[in-house]
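See below for the structure under consideration.
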Amino acid sequence: MTFAVLAVSVASYTLMQSLTVPVLSEIEAEFDTNQNTVTWVLTAYLLSASVFTPIMGRLGDAYGKQRMLVISLAALALGSLAAALAPTIGLLILARVIQGVGGGVLPLAFGIIRDEFPIEKIGGAVSIVSSLLAVGFGAGIVLAGPLTSSLGFRWLFWLPFIVTATAAVVAVLVVPESPVRTPGRIAILPAALLSGWLIALLLGLSQAPDWGWGSPKVIGLLVLAVVLLVAWIRVELVVDVPLIDMKMMRLPGVWTTNLVALLLGVGMYASFGFVPQFNQTPSSNGYGFGSSITESGLILLPSAIMTFLTGLVAARIARRIGPKTVVVIGSVIGAAGMFLLASFHDEKWQVALANAISGTGIGLAFACLAGLIVAAVTPQQTGVASGMNANIRTIGGSIGTAVMASIVTAHFLPSGFPKEIGYTAGFLVLGFALLAAAVAGLAIPSVSEKKLESRIDQERNDRELSIMGA
């Protein structure tokens, strides 16, 4: 039951990242707004989640993971309800900000698995939950079209409200509270600086394709992000109880895994964002298939299926060859799929096949990243370390999407659609990003599944002895 709650929580959060992507035009028409305004339906959720994911993970480490999981699910449910009922675009954007608090389900889920699950089942549970990050994002794009055409776009929020509200109630009843705590009051200044540089960075990246990379606003936001980042690091090094332990972030197993997560985020999120646009381009432009929202989503279905299936078997493979090797191989497979997409995309089956290959590789890599983070830190740091890893994936996705948008929109046809060469070049760049993730993966310290299980078992024994002694 605990695993079911965690899986539903993570899947709901990731679905909310992408469900609105294919239907922004319908939301724009429904609220009689413009394209710049409606994009904040995505941007607001992204910014809110980027701020609250590591903070909720740290709060879970300090005050109890089950308690903060329930709060995260309640925020998802409340935000979904508000979005479903929103009478104006402004209130819809505010509802998306509330939903972003639910980003805490990611680090909290990994922390609860480490604290509560039988040793031999931790690897498999972490792999499946990790794969849901990619599966949920792809599934959201696939499901958005059928749901909107049959029930209306507001059901993109009604259904998550029903699911997450139910999950919150079940979490109160069945999920045990964590015995692992990191005492200490959360410092306000580090949290404010962390929020500041994340918002400045992601806002600058997300708006760069529209405002221009050389515009004063984009340059100003990126410079501000760097200044606040430096200030945040300096403050974290001197406060009594840091929000993010900088010594932890410098651990070889942490920074290398975070680098891989950044590069995988570049490849995955950008491809899911632009493949549907490619599919929906009318074939009269020399490429594309003129697909509907539903049809373009279905072409991505093989990718979502393969990502989920690889998540089921990744732990078993990692037991044999090690999670580091799985990450490297998965990244190479993902890059191969992206290169194939850049070279062959004249038929729908070619696009579906290339995405299935990429989904296989990305699914394998994603499934092992969380386990590597868990292996690199102590139980008291699991929540915040997992939260930062998830955040770095989001930053990678923002970078990839912004770069892809700039490449695709660099040249237009007389019809107003981007030239095919823009998509080809963009998919090649994403392929090289995934290849770079494989190279970065080689630097991850080798950790076997058996060694991780032995370490967690020893930590639990030490904890039990400490409790008995107290």
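Looking only at segment 26-42, which residues are open to solvent by 10 Å² or more (accessible area, probe 1.4 Å) and touching a residue at least 12 places away in the same chain (Cβ under 8 Å)?
Passing the criteria: GLU26, GLU30, PHE31, THR33, ASN36, THR37, THR39, TRP40, LEU42.
If I go through segment 53-83 residue by residue, how many of them are within 18 Å of the chain's Cα centre (by Cα) and closer than 23 Å to GLY273 by Cα?
The total comes to 2.
Which condition breaks for TRP232 when tested against (1) of a type in the set (Phe, Trp, Tyr); (2) over 21 Å from the mean Cα position of the chain (by Cα); (3) open to solvent by 40 Å² or more (accessible area, probe 1.4 Å)?
(3)
Quick check on segment 38-46. Is at least one of its residues modelled with pLDDT of 85 or more and more than 18 Å from the chain's Cα centre (by Cα)?
No.
Here is a list: LEU76, LEU92. Which entry is part of a helix (DSSP H, G or I) and either open to solvent by 20 Å² or more (accessible area, probe 1.4 Å) or more than 22 Å from ARG393 (Cβ to Cβ) (or both)? First the steps, then the outcome.
Working: LEU76 fails: either open to solvent by 20 Å² or more (accessible area, probe 1.4 Å) or more than 22 Å from ARG393 (Cβ to Cβ) (or both).
Residue meeting the stated conditions: LEU92.
Can you say whether PHE157 is of a type in the set (Phe, Trp, Tyr), modelled with pLDDT of 85 or more, more than 16 Å from LEU6 (Cα to Cα) and surrounded by 14 or more Cβ atoms within 10 Å (Cβ to Cβ), as far as the supplied structure shows?
Numbers: of a type in the set (Phe, Trp, Tyr): yes; modelled with pLDDT of 85 or more: yes; more than 16 Å from LEU6 (Cα to Cα): yes; surrounded by 14 or more Cβ atoms within 10 Å (Cβ to Cβ): yes.
Spelling it out, PHE157 is indeed of a type in the set (Phe, Trp, Tyr), modelled with pLDDT of 85 or more, more than 16 Å from LEU6 (Cα to Cα) and surrounded by 14 or more Cβ atoms within 10 Å (Cβ to Cβ).
One line per residue, one yes/no per condition, for (1) aromatic (Phe, Trp, Tyr); (2) closer than 30 Å to ILE244 by Cβ; (3) touching a strand residue (DSSP E or B) at 6+ places or on another chain (Cβ under 9 Å):
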{"site": "ALA390", "(1), (2), (3)": "no, yes, no"}
{"site": "GLY397", "(1), (2), (3)": "no, yes, no"}
{"site": "MET404", "(1), (2), (3)": "no, yes, no"}
{"site": "THR409", "(1), (2), (3)": "no, no, yes"}
{"site": "PRO418", "(1), (2), (3)": "no, no, yes"}
{"site": "THR424", "(1), (2), (3)": "no, no, no"}
{"site": "LEU428", "(1), (2), (3)": "no, no, no"}
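Considering only segment 318-349, state which residues are closer than 30 Å to GLU295 by Cβ, out of contact with any Ser or Thr (no Cβ under 9 Å at 6 or more places or on another chain) and not acidic (Asp, Glu).
Listed by number, the residues that qualify are SER331, PHE339, PHE344, TRP349.
Going by what's in this entry, would SER131 be described as open to solvent by less than 10 Å² (accessible area, probe 1.4 Å), assigned to a helix (DSSP H, G or I) and among the hydroxyl-bearing types (Ser, Thr, Tyr)?
So SER131 fits the description; yes.
If you go through segment 95-128, how many residues are crowded, with 24+ Cβ neighbours inside 10 Å and either assigned to a loop (DSSP other than H, G, I, E, B) or more than 23 Å from the chain's Cα centre (by Cα) (or both)?
0
Within segment 191-229, work out how many residues are open to solvent by 50 Å² or more (accessible area, probe 1.4 Å) and in a loop (DSSP other than H, G, I, E, B).
2
What is the one condition in (1) out of contact with any Ser or Thr (no Cβ under 7 Å at 6 or more places or on another chain); (2) open to solvent by 30 Å² or more (accessible area, probe 1.4 Å); (3) of a type in the set (A, V, I, L, M, F, W, C) that VAL163 does not satisfy?
(1)
Residues in segment 134-153 that are touching a residue at least 40 places away in the same chain (Cβ under 8 Å) and open to solvent by 60 Å² or more (accessible area, probe 1.4 Å): how many?
2
Would you confirm, using the coordinates I've provided, whether VAL8 is at pLDDT 85 or above, open to solvent by 30 Å² or more (accessible area, probe 1.4 Å) and either of a type outside the set (Phe, Trp, Tyr) or under 19 Å from ALA402 (Cα atoms) (or both)?
yes
The values are calculated or read from the model by the stated rules, or taken from the named source; none is laboratory data. None of the values given here were measured: they were computed from a predicted structure. We place every Cβ from the backbone using ideal geometry, glycine too, and count neighbours over all the protein chains shown. Just the protein is used for accessible areas: all its heavy atoms, side chains included, with ligands, DNA and RNA removed. Shrake-Rupley method; radii C 1.70, N 1.55, O 1.52, S 1.80 Å.
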